[in-house]
Amino acid sequence: MRHEEFTPPISRTGPRRRPVLAAAALAGVCLTAGGCAGDNGQSPGAAPRSASPSPASSTPSPRQSPDPAGSPSTGPTSAKPRPEGPLADRTVVIDPGHNPGNRDHTREINSQVDMGTGRKECDTTGTATNSGYAEALFTLDVSRRLRTLLEDRGARVVLTHDGDRPFGPCVDERARIGNEERADAVVSVHADGSATGNRGFHVILPAAVNGDGADTAKIVAPSRELGVRIAGNFVRTTGSAPSNYIGGDTGLDTRDDLGGLNLSTVPKVFIECGNMRDPKDAALLTSADWRQKAALGMAEGISSYLKR
Ligand code: ZN
């Protein structure tokens with residue numbers, strides 16, 4: 001089964017939009033596992049940039065002061081602003097996919113919410129490995145590791161949930177949190193549930209969507225930049241190859257059916273870190289050491305994007 005807001009099992013034996021993705025992704029994603037040392041995810045055509053720009057070189061985007069009272073009542077885990085570090089003045093929202101409690105709240109998560117281009121379930125339970133390690137636990141673990149790495153670099157980090165609520169948030173609220181926090185980047189962390197033999201990670205980018213309550217025109221390009229940098233660094237830190245079943249070996253897919261992307265007004269991507277249903281991928285996903293490498297790849301990709 002496929003996870004998240006994904007509509008149930010659509011057997012996708014071929015990549016979607018392959019020609020576009022392949023061309024774009026070739027610009028920035030290393031295609032071979034373990035062969036990308038030094039790849040920081042930047043496109044070859046990008047202007048050279050300092051690996052460690054001074055904080056002063058960053059141009060903070062204008063934003064209001066964080067206002068916890070303005071956040072959803074059950075809302076995001078508040079962040080600890082840090083004045084130092086290369087990502088000072090930057091806000092990153094991390095969205096741990098699903099919630100371990102969703103399975104006990106079927107009625108609530110099956111309720112329909114507006115996803116900008118229609119209505120969809122509030123949330124889903126997510127998948128699990130064959131041995132029972134839940135995607136919702138995986139996403140929380142990786143998200144917490146990622147938070148630590150980003151905070152160490154000075155970023156202000158907000159999680160959409162931290163195992164501190166009985167279910168959800170719904171996908172529309174997940175998007176809203178990123179918007180209201182005026183995030184400079186948002187990453188929604190997932191792992192896929194596909195057939196045995198389907199392996200590897202992929203990053204999901206927002207398609208251009210313009211519908212009732214959804215307009216992604218302004219985030220398509222920066223989200224792609226964010227996604228390309230995360231994919232390149234993820235290959236480098238984990239040694240994992242891009243998905244062999246989605247994205248035509250680019251590690252990138254573009255979708256218009258995810259409310260969490262459609263409703264975002266800030267740069268946002270999803271990452272499917274691997275396939276929980278494949279035993280070899282599952283061996284990685286259940287390894288704490290590997291999860292740390294996965295979080296590091298995301299942190300490096302996000303950092304690279306934010307320090308452009
Ligand atoms: Zn998921």
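The values are calculated or read from the model by the stated rules, or taken from the named source; none is laboratory data. None of these values were measured; they are calculated from a predicted model. Note that we place each Cβ from the backbone using ideal geometry, even for glycine, and neighbour counts take in every protein chain shown. Just so you know, the surface numbers come from the protein's heavy atoms only, side chains and all, with ligands and any DNA or RNA stripped out. Shrake-Rupley method; radii C 1.70, N 1.55, O 1.52, S 1.80 Å.
Descriptive notes on the structure:
- A single entry from Asp249, Asp257, Asp212 fulfils the requirement of being open to solvent by 10 Å² or more (accessible area, probe 1.4 Å), acidic (Asp, Glu) and within 16 Å of the ligand (Cβ to nearest atom): Asp257.
- Any hit, the range 261-282, residues being without any contact (Cβ under 8 Å) to a residue 40 or more places away in the chain, away from the ligand (no atom under 16 Å from the Cβ), open to solvent by 20 Å² or more (accessible area, probe 1.4 Å) and not in a helix (DSSP H, G or I): no
- Which listed residue, of Arg229, Arg224, Arg199, Arg236, is over 24 Å from Arg291 (Cβ atoms), surrounded by 20 or more Cβ atoms within 10 Å (Cβ to Cβ) and at pLDDT 95 or above: Arg224
- Filter result (closer than 26 Å to Val209 by Cβ and either touching an Asp or Glu at 6+ places or on another chain (Cβ under 7 Å) or away from the ligand (no atom under 12 Å from the Cβ) (or both)) within the range 117-141: Thr117, Gly118, Arg119, Lys120, Glu121, Cys122, Thr124, Gly126, Thr127
- Complete set of residues in the range 182-196 that are surrounded by fewer than 24 Cβ atoms within 10 Å (Cβ to Cβ) and within 11 Å of the ligand (Cβ to nearest atom): Gly193
- Filtered residue count, the range 142-167, keeping only those that are more than 13 Å from the ligand (Cβ to nearest atom) and farther than 20 Å from Asp104 by Cβ: 16
- Pair list, Cβ under 9 Å, 6 or more apart: the range 119-139 residue in a loop (DSSP other than H, G, I, E, B), other residue near the ligand (Cβ under 9 Å from one of its atoms) and open to solvent by 20 Å² or more (accessible area, probe 1.4 Å): Thr127/Arg2
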